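Here it is, the structure in full.
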Amino acid sequence: MGLLALIKKLVYTGGANNKHVRHNKAMAIMKIMSLYQEKFQDIQEFRDQYLALQKVCNELNIRFGRCKDDAKAMLIKEGITEPTTAQLKNAMDKIEEELHAIIIMYKTDKSRYGRIIEEKENDVLEGKDTFPKTVADSC
């Protein structure tokens with residue numbers, strides 16, 4: 001199934017279908033949770049699928065990892081103790097992007113990329129943060 005057909009199947013469209021918002025959100029979350037790279041699928045094609053589903057989630061106002069406390073903690077590490085609304089929003093955007101970068105890594109083909117993930121997990125156990133910060137970097 002093509003990407004556009006997948007998205008159309010996933011989400012009802014049109015203003016008259018606003019009564020299906022909860023269903024659409026449930027379907028989008030389930031689809032992004034169940035998406036994994038297929039054995040012979042190109043990493044760029046998989047990334048495009050993931051990003052398309054991420055866009056659907058954003059349009060449905062489903063956001064991942066947007067915690068103000070995490071954003072404030074990140075800003076404090078950068079020396080910003082009284083962040084502006086814009087700084088807080090940018091920090092939450094950055095945190096969300098990092099979360100998606102980690103998620104997509106775990107959804108890749110383990111036979112091809114499992115060793116890289118293990119290395120990243122070992123780094124975390126040693127106190128190093130070597131996970132990519134963007135989806136593009138993950139790919």
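The values are calculated or read from the model by the stated rules, or taken from the named source; none is laboratory data. This structure is a prediction, so every number in the text was calculated from the model and none was measured. Here the Cβ positions follow ideal geometry from the backbone for every residue, glycine too, while neighbour counts run over all protein chains shown.
State all residues of the range 34-43 that are loosely packed, with under 13 Cβ neighbours inside 10 Å and over 14 Å from Tyr113 (Cα atoms); if no residue qualifies, say none.
Going through the range 34-43, the residues loosely packed, with under 13 Cβ neighbours inside 10 Å turn out to be 34, 38-40, 42.
Answer for the range 34-43, where residues must be loosely packed, with under 13 Cβ neighbours inside 10 Å and over 14 Å from Tyr113 (Cα atoms): just Ser34.
Restricting the search to the range 78-96, which residues are of a type in the set (D, E, K, R) and either over 16 Å from Leu51 (Cα atoms) or touching a Gly at 6+ places or on another chain (Cβ under 7 Å) (or both)? Steps first, please.
First pass over the range 78-96, keeping only residues of a type in the set (D, E, K, R): 78, 82, 89, 93-94, 96.
Once the filter is applied, which keeps residues that are of a type in the set (D, E, K, R) and either over 16 Å from Leu51 (Cα atoms) or touching a Gly at 6+ places or on another chain (Cβ under 7 Å) (or both), the range 78-96 yields Glu78, Glu82, Lys89, Glu96.
Then there is this: Quick one: count up the residues across the range 103-113 that are assigned to a helix (DSSP H, G or I) and either within 19 Å of the chain's Cα centre (by Cα) or more than 19 Å from Cys139 (Cβ to Cβ) (or both).
The qualifying residues number 6.
Are there any pairs, at least 6 apart or on different chains, whose C-beta atoms fall under 7 Å, with the first in the range 82-103 and closer than 18 Å to Lys133 by Cβ and the second of a type in the set (Val, Ile, Thr) and assigned to a loop (DSSP other than H, G, I, E, B), and if so, which?
Pairs found: Gln87/Ile80; Glu97/Thr134; Ala101/Thr134.
In this structure, does Lys25 turn out to be at pLDDT 90 or above, of a type in the set (Lys, Arg) and surrounded by 15 or more Cβ atoms within 10 Å (Cβ to Cβ)?
Considered against the rule, which asks whether it is at pLDDT 90 or above, of a type in the set (Lys, Arg) and surrounded by 15 or more Cβ atoms within 10 Å (Cβ to Cβ), Lys25 comes out as no.
Let me ask something else about it. Whether any residue in the range 124-139 is more than 19 Å from the chain's Cα centre (by Cα) and either closer than 30 Å to Ala26 by Cβ or part of a helix (DSSP H, G or I) (or both) is what I want to check.
Yes: the range 124-139 contains one or more residues that are more than 19 Å from the chain's Cα centre (by Cα) and either closer than 30 Å to Ala26 by Cβ or part of a helix (DSSP H, G or I) (or both).
Further question on the same structure: Would you mind finding the one in Lys72, Lys107 that is surrounded by 14 or more Cβ atoms within 10 Å (Cβ to Cβ), touching a residue at least 40 places away in the same chain (Cβ under 8 Å) and not acidic (Asp, Glu)?
None of the other options fit; the residue is Lys107.
So which of Leu75, Leu99 is of a type outside the set (Ser, Thr, Tyr), within 25 Å of Asp48 (Cβ to Cβ) and outside any loop (DSSP other than H, G, I, E, B)?
Unique residue meeting the criteria: Leu99.
Taking the residues in the range 62-102 that are hydrophobic (A, V, I, L, M, F, W, C) and farther than 23 Å from Ile29 by Cβ as candidates, determine which candidate is nearest to the chain's Cα centre (by Cα).
Looking at residues that are hydrophobic (A, V, I, L, M, F, W, C) and farther than 23 Å from Ile29 by Cβ, I get Ala91.
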